[in-house]
Amino acid sequence: MVDIARMAGVSNATVSRALSGSPLIPQETRDRITELARSLNYRVNASAANLRKQAVSTVGVVMLGSAERPAQAVADPFIMAMVASLADVLAERGQDMLLARCGPDRLQMLPDLVRTGRAAGVVVMGQWVAHEALNAMARQGLPMVVWGASVPGTVYPVVGSDNEHGGYLATRHLLAQGCRRIAYLGRLDQPESALRHRGYLRALHEAGVVAAPGLQHPVDFSQPGSQAVVDQWLADQSIPDGVFACSDLVAMGVVSALAARGLSVPADVKLVGFDDVALAAHVHPSLTTVRQDMALAARTLVAVLERQVQGLPDAAQLLPTTLVVRDSSGAAA
C-alpha cells in the first residue's frame, strides 16, 4: 500500500479508501490506484480490514484437546454437530469459518489467529483443557467466546446449556421409572459434567435416595470407557437399575457393553444420555436424552463474539435444556 501511495502521489489513507470503493475518492483517482494495485498483484487482506473496522468476517472455531486425547473433540458427535450449526449461522450472515484443532502445547495459536488477521475473533470448545490459559487470554483482550460452563473465577465470556438442570431432569426421570440405584458416568473435573452431576445429586436428594459412591464413575464425554465400568459392576454384583451418562456417546457405549454381557436396555437397566445428537433417535433402543439446542447455541455464540470484537462487555449466557423421552428409559409412549 505504501508503494502504491508513493507511485500515485497520494496518502496511504487515500489508497485504502480507493481500494474499498469509497465515493469520497474521485473516480479518476480510484481507477488509477486500482490499476496500480493490479499491476503490483496487490490484494486487500479482507480479514485485517474487517478487524480494523471491528466487523466479524472470518470466525476462528477452535477445538481444544487434552494431551491424553488430542483428537477427542473430533471424535465427539456433539462437537461436530455444533461446528455444523456454527457454519450454518455464519453462512447465513455472509461470514466465513476457520476451523482448527489445538492441543495444550499450541494454545498460542488462538491469539495468533486474531493478531495475524486470519480471524476477527475465536469460538473455543473444550474449556476444561485450558481454563487458566483462556482466562489469561481474556485479560489480554482476545476477542473470544467459549462454549462450556460458567465456573467460579471465569474471566472469559461463556455460552453454555443449563447442565445442572439437565442432570436434574435426567435423574428425576429415571426415579419416576422406579429406579433407585442410579449410576452417573462422567468426570467431575470437566465443568459441564460436574454440573450435570450436581443436578443428579439434587434429584436423588429430593427423592431421599443416597448416591452410592460405587455407582459414580469418571468417564470422558467421548472416551470408550463403558466396558470397563460394566465389567466392574458385574464383578461387584452391583448392576444399577438406572444409568445417567454424561453424553449420548457414553450412553451408546453402555448399551453396547451391557448387550455384550447378556443384559439389555431398558429391560435390565434404564438409561438416559445427554446432548441429543442426531444418532440418538436412530440407535436401538432409541435414546432418552437431555437436548441441547445446537442451533440456538450457535446463534448465541456468534452474537456474543460479535459484541466481543466490538469491545462490548457480555455476561455468561445460560441456554435451556429439555428432556427427550425415547425407548432407553422404558417410558416412551
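The values are calculated or read from the model by the stated rules, or taken from the named source; none is laboratory data. Remember, it's a predicted structure, so these values are computed and weren't measured experimentally. When we count neighbours, we look across all protein chains shown, and the Cβ atoms used for this are built from the backbone with ideal geometry, even at glycine.
Computed quantities for the displayed model
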| item | result |
| --- | --- |
| Residue in region 204-211 that is surrounded by 21 or more Cβ atoms within 10 Å (Cβ to Cβ), over 22 Å from the mean Cα position of the chain (by Cα) and either more than 20 Å from W147 (Cα to Cα) or at pLDDT 90 or above (or both) present | yes |
| Condition broken by P313, with the remaining ones in (1) touching a residue at least 12 places away in the same chain (Cβ under 8 Å); (2) out of contact with any His (no Cβ under 6 Å at 6 or more places or on another chain) satisfied | (1) |
| Scan of region 234-292 for residues that are in contact with a strand residue (DSSP E or B) (Cβ under 8 Å, 6 or more places away or on another chain) and hydroxyl-bearing (S, T, Y), ordered by number | S247, T288, T289 |
| Hits in region 143-196 (condition: at pLDDT 95 or above and on the phi > 0 side of the Ramachandran plot) | G178 |
| Residue that is without any contact (Cβ under 8 Å) to a residue 60 or more places away in the chain and at positive phi, where the choices are G94, G103 | G94 |
| Number of positions in region 95-125 that are crowded, with 24+ Cβ neighbours inside 10 Å and modelled with pLDDT under 85 | 0 |
| Any hit, region 237-244, residues being in contact with a Phe, Trp or Tyr (Cβ under 8 Å, 6 or more places away or on another chain) and closer than 29 Å to A87 by Cα | no |
| Residue tally, condition at positive phi and either outside any loop (DSSP other than H, G, I, E, B) or assigned by TED's automatic domain parsing to the domain that holds V283 (or both), over region 309-329 | 0 |
| First in region 250-275 and within 15 Å of V290 (Cβ to Cβ), second anywhere and of a type in the set (K, R) and at pLDDT 95 or above, Cβ under 9 Å, 6 or more apart | F274/R196; F274/R291; D275/R291 |
| Hits in region 290-321 - residues which are touching a Lys or Arg at 6+ places or on another chain (Cβ under 8 Å) and hydroxyl-bearing (S, T, Y) | T321 |
| Qualifying position, being in the same structural domain as L195 (by TED's automatic domain parsing), farther than 19 Å from H217 by Cβ and under 21 Å from the mean Cα position of the chain (by Cα), among A251, A280, A298, A267 | A280 |
| Check on G253, crowded, with 22+ Cβ neighbours inside 10 Å, modelled with pLDDT under 95 and within 17 Å of R187 (Cα to Cα) | yes |
| Filter pass, V89 being in contact (Cβ under 8 Å) with a residue 24 or more places away in the chain and more than 18 Å from the chain's Cα centre (by Cα) | no |
| Selected residue (only one of A245, A259, A278 is within 30 Å of W147 (Cα to Cα) and surrounded by fewer than 24 Cβ atoms within 10 Å (Cβ to Cβ)) | A278 |
| Set V283, V290: member being aliphatic (A, V, I, L, M), in contact (Cβ under 8 Å) with a residue 24 or more places away in the chain, more than 30 Å from Q140 (Cβ to Cβ) and crowded, with 23+ Cβ neighbours inside 10 Å | V290 |
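Each row is one residue, and each column tells you yes or no for (1) at pLDDT 85 or above; (2) part of a helix (DSSP H, G or I); (3) in the same structural domain as R299 (by TED's automatic domain parsing).
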position: R6; (1), (2), (3): yes, yes, no
position: A13; (1), (2), (3): no, yes, no
position: S16; (1), (2), (3): no, yes, no
position: L24; (1), (2), (3): no, no, no
position: E28; (1), (2), (3): yes, yes, no
position: D31; (1), (2), (3): yes, yes, no
position: T34; (1), (2), (3): yes, yes, no
position: R38; (1), (2), (3): yes, yes, no
position: M63; (1), (2), (3): yes, no, yes
